[in-house]
Amino acid sequence: MDNVTKGRVAAVACLVFVFAAAPARGEDGYDLWLRYRPIVDEARRVEISAHATAIVAPAGGETMRVAVDELQRGLRGLTGHEASRVPAPDRGGAIVLGTPASSPAIAALRLEEALKAVGDEGYVLRSVRVQDRPVTVVAARHDIGVLYGTFHLLRLIQTSASVTSLDVSERPRLNRRLLNHWDNMDGSIERGYAGRSLWNWAALPATVDSRIADYARANASLGINGTVINSVNANARTLQPEYLDKVAAIARVLRPYGIRVYLSANFSAPRTIGGLATADPLDAAVAAWWRAKADEIYARIPDFGGFAVKANSEGQPGPQDYKRTHADGANMLADALASHGGVVMWRAFVYDDSVDPDRVKRAYLEFTRLDGTFRDNVFVQVKNGALDFQPREPFHPLFGAMPKTPLMAELQITQEYLGQSTHAVYLAPMWREFLASDTFAAGPGSTVARVIEGDVHPYADTGIAGVANTGSDRNWTGHGLAQANWHAYGRLAWNPSLSPEGLADEWVRMTWSNEARIVATITDLLLRSRETYVDYTMPLGLHHLIGGDHYAPMPENADPRRADWSAIYYHRASRDGVGVDRSRRGTDAVGQYRSPLRERWADPATTPDALLLWFHRLPWTYRMASGRTLWDEIVSHYTRGAEGAAAFEQAWQSIAGQVDAERHVAVAAKLHQQAIDAAAWRDKCVAYFRQFAQP
Ligand code: BDP
């Protein structure tokens, strides 16, 4: 046998091995959307193999190395074929990776203009012919763009898209695309439902769990480029040298994947760990302490991203403890980080009832008056809705109301108020609804997406944060379908205009199967799930009908600690009616939105049903657009929602045996519980409201 034949025989043997082994291999969800299982359609498998006989890439640094590794791993899994690192002697196609600076082959293609347009993290994918061979080019200005482009190419292969005549240019619309981990130092996760923290503080820095590299791969595949690794309810000890060494060890593993580490900072740290008598931001010793702390961090982590800060919120310390403003606090930290290129993400999640009796109005009142007083390297980080990650809220009125302060949107991927890791709720439709909301800040079309992209008001920096749903569970997210939320968040962070339908389709193909019936069944379930959840929990603008666990229905909850942690504060049901009057006659929360929203939402007749009881208090006999009374409409939503959840279970059963059993059974068990819980929500809420509606 000559060498070429030997190679072919080896390749065939390898193929046989891969395909024989595939069905037997159990799947537990660990591989996420990077499963790289063999392409089922043989013609396509052969075609992809022919296009990828070789990977040509410069030696490069660590990022280039992980790009090549990923491509090899992906192609090996998908085609059963090992791409060589040098162009093969036959006429097979090659994938060429690189930057004009690192790769003469890329430089020769004269892609300067295209690369300039995609920026520092973007990339281009091109199909060209070189010496009569098909060549797929993954080019970027920097290696990180090459890595992102590599994942894009793999995604096309994984989702059955054509890769033969590529002409793709991609650049991220937001600069900082972050996860926020609410991980505590004892390994627990605040509002985490998928096991323990991924960071093993006891073993670090000597041992870094190999899982961290897989976490980085998954994030990089989406374009996520930063991670705040500790809870916003921050323990100051994270800033001690011993812990900074551990943080640096994590940062080292994430760095090749373009992911920078950030920390949540406790505002009292100068007192609690620094030995100072005060944490007053205008005290010179305090400012010096933070400057020294920043120097200490950057000595270990040169690309450290900066601090997230929850101040004067839910008992956390902050500048107001010293009669200073949020801007005083944020600016002092920003000054400490500025020379190193770090940023402060100052959260707007504040609700002080001395500011306004209506909780949803307070952040706007506290922050709009500070617009223009923050340093350039300060973001104000704002939750999507005015209250707190409810299943449906109107967008936060701060979006569009801070022209001089870059606003970072904060989404919650972990399903604190959306069924935790028991209910399947695909969040992309909710996020798109938020991102596509028109703020009218600079006339019609001033969507939230354009606000955070700095397109409505010119922001010096842009970003988005998502509270992570990951944990130590083998499948990362507890619920197998909740992986879709991590995926959708990351993809929307890259491009807030992507459609939930497209993202669901892509995720299902990569994670479950390309088979049409399976794709249709799972995407349909995902795309219905958020509205179904709203229907059986909090329809028509109702919100916060929960108690302490934030999971089970508890409309009767009257929290003895604070009224605005109660359910009754938010629905105010009585024999007269239900809902909160936030019109001009009521709390005037509508006044924080611009025209025409403030007029539209001030009148029940022009308020969309979905937000009706958010903005209005109405009698049970109120006549809805449907012709039904409000009471009948409420009952019909609860009924429809519970039926919808039951239908998910049936839909899932219809694909039994067509996807791997282990993952199918695990999701089936969750959907079964969801159907039971949805019926419980319906029964509890309908019975509760009935005592007022039909006494
Ligand atoms: C609430 C959570 C709480 C968080 C808080 C926050 O229940 O655990 O600390 O948000 O965002 O929804 O700070």
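The values are calculated or read from the model by the stated rules, or taken from the named source; none is laboratory data. Since this is a predicted model, take the numbers as computed values, not measurements. Positions of Cβ are backbone-derived with ideal geometry, glycine not excepted, and every protein chain shown enters the neighbour counts. To get the accessible areas, we keep the full protein, side chains included, count just its heavy atoms, and leave off ligands, DNA and RNA. Shrake-Rupley method; radii C 1.70, N 1.55, O 1.52, S 1.80 Å.
Using the Cβ-Cβ distance between Ser595 and Ser339 with R0 = 45 Å, the FRET efficiency computed as 1/(1 + (r/R0)^6) comes to roughly 0.55.
Using a simple spin-label model with pseudo-atoms 7 Å out from Cα toward Cβ, Arg196 and Thr278 lie 4.2 nm apart. The order of Thr606, Thr278, Thr621 by accessible area, most exposed first and with a 1.4 Å probe, is Thr621, Thr606, Thr278. Say a paramagnetic label sat at a point 7 Å from the Cα of Ala285, along Cα to Cβ; which residues of the stretch 325-358 have their backbone N under 20 Å from it? Output list for this probe position: 329, 332-333, 336.
Residues whose amide H falls under 5 Å from that of Leu411, counting only those 5 or more places apart or on a different chain, are Ala465, Gly466, Val467, with hydrogens built in the peptide plane. Per-residue SASA remark: Asp353, around 90 Å² accessible (1.4 Å probe; ligands, DNA and RNA not included). In the full protein context, the chain carries 36 Å² of accessible surface per residue, based on a 1.4 Å probe and ignoring ligands, DNA and RNA.
Exceeding 30 Å between C-alpha atoms, which entries from my cross-link table qualify? They are Lys293/Lys361; Lys116/Lys383; Lys361/Lys670; Lys383/Lys404; Lys310/Lys684; Lys246/Lys323. Working shown, then result.
Working: Lys293/Lys361 35 Å; Lys116/Lys383 33 Å; Lys361/Lys670 37 Å; Lys383/Lys404 18 Å; Lys310/Lys684 35 Å; Lys246/Lys323 35 Å.
As for pairs spanning more than 30 Å Cα to Cα, those are Lys293/Lys361; Lys116/Lys383; Lys361/Lys670; Lys310/Lys684; Lys246/Lys323.
May I ask what percent, to the nearest 5, of DSSP beta bridges between residues of the chain are antiparallel? Working shown, then result.
On the way: 18 of 57 bridges.
Bridges in the chain that DSSP calls antiparallel: roughly 30 percent.
Length gained on full extension, Ala687 to Lys404: 97.0 nm, using 0.36 nm per residue less the C-alpha separation. Amide hydrogen proximity for Gly385: with H placed 1.01 Å from N in the peptide plane, the residues at 5 or more positions away or on another chain lying under 5 Å are His396. When Val124, Val355, Val456 are compared by accessible area of protein heavy atoms, the largest-first order is Val355, Val456, Val124, using a 1.4 Å probe. Rounded to the nearest 20 debye, the dipole magnitude of the stretch 132-195 is 240 debye, with +1 charges on Lys and Arg beta carbons, -1 on Asp and Glu beta carbons, and the Cα centre as origin.
For Ala552 and Asn233 in one chain, what is 0.36 nm times their gap in residues minus the Cα-Cα distance, to one decimal in nm? Working shown, then result.
On the way: separation 319, 0.36 × 319 = 114.84 nm, distance 2.41 nm.
Extending this stretch completely gives an extra 112.4 nm.
Measuring spread by the Cα atoms of the stretch 529-592 yields a radius of gyration and Dmax of 12.8, 35 Å. The dipole here belongs to the stretch 607-695: it is taken about the Cα centre, uses +1 on the Cβ of Lys and Arg and -1 on the Cβ of Asp and Glu, and is about 380 debye.
Applying a length cut-off of 18 Å (Cα extent along the axis) and a mean Kyte-Doolittle floor of -1.0 to the DSSP H helices of the chain leaves 3-21, 62-79, 143-158, 241-254, 284-300, 516-537, 630-653, 661-693.
So if we plug the beta-carbon distance of Ala108 and Asp303 into 1/(1 + (r/R0)^6) with R0 = 41 Å, what FRET efficiency do we get, rounded to 0.05? Please list the in-between numbers first.
On the way: r = 32 Å, r/R0 = 0.77.
Given R0 = 41 Å and the Cβ-Cβ separation, E is 0.80.
Shown in residue order for the stretch 176-188 are the 3J(HN,Hα) couplings computed by the Karplus curve 6.51 cos²θ - 1.76 cosθ + 1.60 at θ = phi - 60°: 10, 10, 10, 9, 10, 9, 9, 8, 8, 6, 8, x, 7 Hz (x for Gly and Pro). Summary of the geometry: the stretch 274-332 and the stretch 382-448, compared by the centres of their Cα atoms, lie 28 Å apart. Extension gain for the segment Ala563 to Ala161, taken as residue separation times 0.36 nm less the Cα-Cα distance, is 139.4 nm to one decimal.
3J(HN,Hα) couplings calculated from phi for the stretch 560-575 with the Karplus curve 6.51 cos²θ - 1.76 cosθ + 1.60 (θ = phi - 60°) are, in sequence order, x, 6, 8, 4, 7, 9, 8, 7, 5, 4, 9, 10, 6, 5, 8, 5 Hz; Gly and Pro show x. What FRET efficiency comes out for Thr373 versus Ala292 if R0 is 25 angstrom and r is the Cβ-Cβ distance? Round to the nearest 0.05. It comes out at approximately 0.50. Rolling a 1.4 Å probe over the protein chains gives Glu27 an accessible area of about 20 Å². In a DSSP loop and with at most 16 other Cβ atoms within 10 Å, the trypsin sites (Lys or Arg not before Pro) in the stretch 516-564 are Arg561, Arg562. Here the label points at Gln650 and Ser354, each 7 Å from Cα along the C-beta direction, are separated by 5.7 nm in the simple model.
For every helix of n ≥ 4 consecutive DSSP H residues, a contribution of -39,500 (n - 2.57) applies; sum these over the chain, divide by its total residues, and give [θ] at 222 nm rounded to the nearest 500 deg cm²/dmol. If you can, show how the numbers build up before the last one.
Working: 22 runs with 270 residues, N = 695.
The per-residue figure over the chain is -12000 deg cm²/dmol.
Rounded to the nearest 20 debye, the dipole size of the chain about its Cα centre is 520 debye, using +1 on the Cβ of Lys and Arg and -1 on the Cβ of Asp and Glu. When Asp167, Asp683, Asp559 are compared by accessible area at a 1.4 angstrom probe, the order from most to least is Asp167, Asp683, Asp559.
Placing dummy labels 7 Å off each Cα toward the beta-carbon, the span from Leu365 to Asp120 is 4.0 nm.
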